[in-house]
Each structure stands twice: as C-alpha cells, then as structure tokens.
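**Student:** This is the structure I have questions about; it appears just below.
Read-outs throughout are calculated quantities, based only on the coordinates presented, and are distinct from any laboratory measurement. All of these numbers come straight from a predicted model, not from anything done at the bench. For neighbour counting, all protein chains shown are included, and Cβ atoms are generated from backbone atoms with ideal geometry for every residue, glycine included.
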Amino acid sequence: MIRIDHYNVLIADDEYMVRQSVSRRIAEIDDSFRIAAECQDGKEALQALEGGNIQVVFTDIRMPEMDGLELAKQIHEQYPEILTVILTGYADFEYAQEAIRQGVFDYLLKPVSEDKLTAILEKLSLRLQQDYELPGEDGAQGRGSEAIVRDTEKYLKEHFREEVDIGTLAEEYGFSAAYLSRIFTKSRGESPVRFLTELRIKEAKRLLATTDEPIARVGELSGYPDQFYFSRTFRKEAGDNPSAYRKKNKG
C-alpha cells in the first residue's frame, strides 16, 4: 500500500473552459483529488506524465496533435497504473465504449453533470484505495464507521430532494469524500451516490403513479431540477421515460 497525500489528476482538453470547469468541479466535489496538470492535447499530456506522479487522467476524445483515444492507448502501454477517464460527446459515444474495451477506466458524457462526475470520482476512489492510502483514513474510528454510515443514510433520506454534496457531508465528519464512500459502500453494498439515486427514482415513481404533477415538477420534487437530466436518468433506471411509466402505472 502506497501512502500519498492526495490523488493527482491530469486534465487534457483543447477547450480551456472545459478544463477549468472540470477542474473546479473536481475540487468542489472531493478534495482528495488535486489537479496536478492541465494540457491542451495528447502530446503535451504525455510530456507532463513523464515527470509527474499522476494517478488519474481525464481526457477529451477529440484534440489536435494527438487525440484522446491515442493518448489513452499510450497511457495504458506506458503507465498501466494510471486510470484514464474519457470525456466524450454523444457523437463519439461508440468510440468511448471501444476505449473501455481497450483498457480505459470509464467515460463521461459532455456536458459533464455534477452527479455523474461525483459517481466517477467515487468509483475512482474505490479503485485507487486498492493501491494507495490517504492520510486521515482512520478518522472514523473515534465514533465508529457504522454510526457514520447510519447518519449518512438518514441524512440522504431526509434531504434527497435537495442538492446533496457528498464532499461537504464528509467534511462534517472530518475526513474525505473518498473515505465516506468507502465505508458506506462496504456497509451498504452501494455508494452514497447510488443510494441517493435510488431514493430519488423511487420518489419519482411514486409521484408519477399517484399524482398529476407535470413531469418537470415531478423531477424537481424528486431532486432533479433539470428536466432533461431527470428524464434521461429516470429512463436509465426505470426502463421507461417518465411519461410512459405514468401511463403504465397511473391508478
């Protein structure tokens, strides 16, 4: 087990605003991840990797000089310990799926949503914890990790309709979001983000089946103020879009 202060992240994207947005959101969601380098193409990213202690790379698929797929291939061959996440639009979705078959850790669709990025960071944390240990990861021992898991579960059940920041919640306990995710997943068999999603979809199903609230309002009451994101998430979880689910289950 290698002990490090935090996980170092490299972001490769030729769009400055995308790099800044992903950097800022990562910092806000989980402070166990730190941005160590930002690069605008694959060649620059490979140069940065030569002298850096990097654990995670986020890379866009489409970049000049060297695209994200070639960068991911080079990383897999030269630095197999580094976890690579592909950033892609819908048009390149099939390429992202192929990249995963070739060793990429995961992918994120643009525009990157906070929920999806949070889920990816939790997934990365669980994988990185197999090889690395962060300071303060025994911070729960004073109270007992099971008590903290129960408190977290209670908080999510009471606040799932609101915007939930797992990083801020973890800070109140005095440790990282990665550690909170780790002990929650170990105890409950699923991550806090997954647990939160299930609570929200369960409430959405109830509202669709028992009320005449508009779809957008059902999304808001279930914790999804963005109607497009709500409909996409609901369909993924329930197998139908909200309107179809209501038609089948109303009354």
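**Student:** Calculate the radius of gyration of the Cα atoms of region 152-251 to one decimal place, then report Dmax, the largest Cα-Cα distance, as a whole number, both in Å.
**Tutor:** For region 152-251, the Cα radius of gyration and maximum Cα-Cα distance read 14.8, 47 Å.
**Student:** Simple spin-label model, 7 Å along Cα-to-Cβ: residue 209 to residue 2 in nm?
**Tutor:** With each label placed 7 Å out from Cα toward Cβ, I get 4.9 nm.
**Student:** Can you spot the lysines whose alpha carbon is less than 24 Å from residue 247's alpha carbon? Ignore those fewer than 8 places along the same chain.
**Tutor:** Of all the lysines, those that pass the test against residue 247 - Cα under 24 Å, at least 8 places apart if same chain - are 202, 205, 236.
**Student:** Under 1.5 on a/c is rounded, so check that first for region 194-249, then, if it is not, pick prolate when a/b is larger than b/c and oblate when it is not; a ≥ b ≥ c are the square roots of the alpha carbon gyration tensor eigenvalues.
**Tutor:** rounded
**Student:** Still on this structure, please answer the following. Cross-link candidates for residue 116: which aspartates and glutamates have Cα within less than 12 Å, leaving aside residues fewer than 8 places away along the same chain?
**Tutor:** Answer for residue 116, where 12 Å is the Cα cut-off: 106, listed by chain and number.
**Student:** Using label points projected 7 Å from each Cα along Cα→Cβ, tell me how many nm separate residue 65 and residue 17, to one decimal.
**Tutor:** 2.3 nm
**Student:** Shape call for region 1-135 from the C-alpha gyration tensor, a ≥ b ≥ c root eigenvalues: rounded (a/c under 1.5), prolate (a/b greater than b/c) or oblate?
**Tutor:** rounded
**Student:** How much length, in nm to one decimal, is gained on full extension between residue 155 and residue 127, taken as 0.36 nm per residue of separation minus their Cα-Cα distance?
**Tutor:** Roughly 7.5 nm would be gained on extension.
**Student:** Among 228, 160, 105, whose mean-square fluctuation peaks in a Gaussian network model of the chain (Cα, cutoff 10 Å)?
**Tutor:** Comparing 228, 160, 105 in a Gaussian network model of the chain, the most mobile one is 228.
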